[in-house]
Amino acid sequence: MGQCTAYELSTSKPYRVFIVDTPGFDDTRLSDAEVLRRIAYWLAASYREGGRVSGVIFLHTITNTRFLPATSFRALEKMCGPQAFGKVVLVTTMWDRTTNEEGEQVEKELETVHWRKMITGGAGVGRTTRNNPVSAQNIVNYLLEKTDTRPLLIQEEIVEDMLYPSETTAGQFSVKRDRSFTNILADSDSPPAVQVQSITNAGIQLMDGLMVPSACIFLEGKVFLWDVPATLWTGWGTEHFEIFETVVPKPEILILGTGKSIAHVPATLRTYLNQLGIQLDVMDTRNACSTYNLLTEEGRRVAAALLPITPQSWNKVESPR
């Protein structure tokens with residue numbers, strides 16, 4: 001309930017096509033901030049996996065003359081960003097429940113007042129009724145012909161800029177409206193102690209300005225230097241993950257960033273972590289950092305073990321005797 005649900009469509013395209021049903025804003029059960037967070041999480045995950053948003057369909061019931069431009073539609077604008085307005089189709093529904101004259105009056109107000117900015121930016125407009133499934137199919141076909149491969153603004157902000165949902169353009173808008181955009185599982189309103197600001201060839205830079213140049217582990221709000229062999233999986237063993245045996249409670253998820261590109265983990269290491277009750281998710285380090293940011297924002301018990309983009313080792317210095 002209230003989740004993003006994907007349904008696969010049968011098309012003639014040489015690739016798989018899904019239509020995603022998202023929760024709506026002004027939901028009586030969920031705050032606008034929570035709705036945004038769920039949509040943002042799905043969009044970010046899809047973007048990381050190489051999925052492309054061909055289009056966004058915004059539905060408005062033509063019989064509803066109460067239009068609130070400060071809620072769902074404004075949130076849509078902020079999530080898409082001006083560069084993606086051309087991916088949007090603004091659709092009025094339930095035309096079978098009104099007269100053409102009344103419906104066209106509402107439609108004119110929507111197009112010339114409330115939707116004007118997005119339409120000027122390239123958004124399309126459509127109509128659909130329950131008794132005419134062809135109209136809905138035509139809207140989908142129209143979007144599938146779009147060749148713009150650019151992501152939505154909120155996808156770039158979360159995945160590329162590694163922002164929390166509450167820090168995105170849409171998130172800032174929702175926070176102004178709804179102060180409930182907080183982590184209900186956290187002990188306070190403060191974000192986690194460890195947050196990644198950016199990742200470069202020089203290392204992983206944290207929000208407090210600290211640059212971590214080599215392998216590290218984020219656990220329980222702390223950063224641990226991670227002494228692992230320079231060559232991936234050569235000489236690696238369960239002893240390199242023993243820190244997770246001692247911590248209580250254990251993280252439910254360990255995100256393993258394997259450097260510039262993703263590398264499959266040996267079965268022995270995955271089995272070892274699973275026996276500790278820890279789910280292992282493996283991805284390249286850039287995506288690992290943004291996923292870690294997102295999951296900590298949700299209040300999940302998550303840890304990260306990260307290898308740098310450019311392989312480096314910690315310099316070991318012998319203590320003087």
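The values are calculated or read from the model by the stated rules, or taken from the named source; none is laboratory data. All of these numbers come straight from a predicted model, not from anything done at the bench. Because the Cβ atoms are built from the backbone with ideal geometry, glycine has one as well, and the counts that use them run over all protein chains shown. Heads up: the accessible areas ignore ligands, DNA and RNA and are worked out on the full protein's heavy atoms, side chains in. Shrake-Rupley method; radii C 1.70, N 1.55, O 1.52, S 1.80 Å.
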*Pick out, in residue order, every one of the GluC sites (Glu not before Pro) in region 115-165 that is DSSP loop and has at most 15 other C-beta atoms within 10 Å; say none if there are none.*
145
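Set the Förster distance to 30 Å, then compute FRET efficiency between residue 105 and residue 135 from the Cβ-Cβ distance, nearest 0.05. Before the final figure, lay out the partial values.
Details: r = 20 Å, r/R0 = 0.68.
Plugging the Cβ-Cβ distance into 1/(1 + (r/R0)^6) gives 0.90.
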*Å² per residue, accessible surface of the chain at 1.4 Å*: 53 Å²
*Return the sequence-ordered ³J(HN,Hα) values of region 122-127 in whole Hz as given by the Karplus equation 6.51 cos²θ - 1.76 cosθ + 1.60 applied to θ = phi - 60°, using x for Gly and Pro.*
x, 5, x, 10, x, 10
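Around residue 90, what is the net charge, scoring Lys/Arg as +1 and Asp/Glu as -1 over all other residues with Cβ under 12 Å from its Cβ?
Details: positive: 87, 116, 117, 127; negative: 77, 107, 111.
Neighbourhood net charge equals +1.
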_If you take every residue apart from residue 240 with its C-beta less than 15 Å away from the C-beta of residue 240, what net charge results, scoring Lys and Arg +1 and Asp and Glu -1?_
-3
_Just to confirm my numbers, what's the Cα centroid distance between region 246-286 and region 20-52 in Å?_
26 Å
*If amide H atoms are built 1.01 Å from N in the plane of the peptide, which residues on other chains or at least 5 residues away come under 5 Å of the amide H of residue 256?*
281, 282, 283, 305
*Helix-derived mean residue ellipticity, 222 nm - over the chain, DSSP H n ≥ 4, -39500 (n - 2.57), to 500*: -8000 deg cm²/dmol
_Can you work out the Karplus-derived ³J(HN,Hα) for every residue in region 99-104? Use 6.51 cos²θ - 1.76 cosθ + 1.60 with θ = phi - 60°, whole Hz, and x for glycine or proline._
7, 4, 5, 5, x, 5
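Full-extension gain between residue 300 and residue 281, please, as 0.36 nm times their residue separation minus the C-alpha to C-alpha distance. Mind showing how you got there, number by number?
Working: separation 19, 0.36 × 19 = 6.84 nm, distance 1.39 nm.
Taking 0.36 nm per residue and subtracting the Cα distance, the gain is 5.5 nm.
What FRET efficiency comes out for the pair residue 142/residue 3, r = Cβ-Cβ distance, R0 = 41 Å, nearest 0.05?
Using R0 = 41 Å, I get an efficiency of 0.95.
By how many nm would the segment from residue 242 to residue 49 lengthen if fully extended, with 0.36 nm per residue of separation less the alpha-carbon distance? Can you show the working numbers first?
Details: separation 193, 0.36 × 193 = 69.48 nm, distance 3.00 nm.
My answer for the length gained is 66.5 nm.
Carbon-plus-sulfur fraction of the accessible area of the chain, 1.4 Å probe, in percent? List each step's numbers first, then the result.
Values: 8580 of 17160 Å².
Here it works out to 50 percent.
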*asked:* List the pairs from 87/108; 222/250; 146/260; 78/250; 13/78 whose alpha-carbon separation is above 25 Å, in the order I gave them.
replied: 146/260; 78/250; 13/78
*Using the Karplus curve 6.51 cos²θ - 1.76 cosθ + 1.60 with θ = phi - 60°, work out ³J(HN,Hα) for each residue of region 111-120 in order, rounded to whole Hz, and write x for Gly and Pro.*
6, 8, 10, 6, 9, 4, 4, 6, 5, 4
_Where labels lie 7 Å past Cα in the beta-carbon direction, separation of residue 208 and residue 63 in nm_ = 5.8 nm
_If I model a spin label as a point 7 Å beyond the Cα along the Cα-Cβ vector, how far apart are those points for residue 18 and residue 250 in nm?_
2.9 nm
*Cut-off under 5 Å, modelled amide H: who pairs with residue 299 long-range*: none
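Counting only other residues whose beta carbon sits under 10 Å from that of residue 286, what net charge do I get with K and R as +1, D and E as -1? Provide the component values of the computation, followed by the final result.
Numbers: positive: 48, 260; negative: 160, 284.
The answer is 0.
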_Mean separation of Cα contacts under 8 Å, 6 or more apart, over the residue count of the chain: relative contact order %_ = 15 percent
*Provide the FRET efficiency to the nearest 0.05 for the residue 83-residue 267 pair, computing r from the beta carbons and using R0 = 35 Å.*
0.25
*Percent breakdown of C-alpha pair distances by 10 Å bin, ordered from the shortest bin, for the chain*: 5, 23, 28, 21, 13, 7, 2, 0, 0, 0
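Would you mind working out the magnitude of the charge dipole of the chain relative to its Cα centre, with +1 at each Lys and Arg C-beta and -1 at each Asp and Glu C-beta, to the nearest 20 Debye?
Numbers: 31 positive and 37 negative charges, 81 e Å.
Dipole about the Cα centre, nearest 20: 400 debye.
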_Give me the one-decimal nm value for the distance between modelled label points at residue 225 and residue 10, 7 Å along each residue's Cα-to-Cβ direction._
6.1 nm
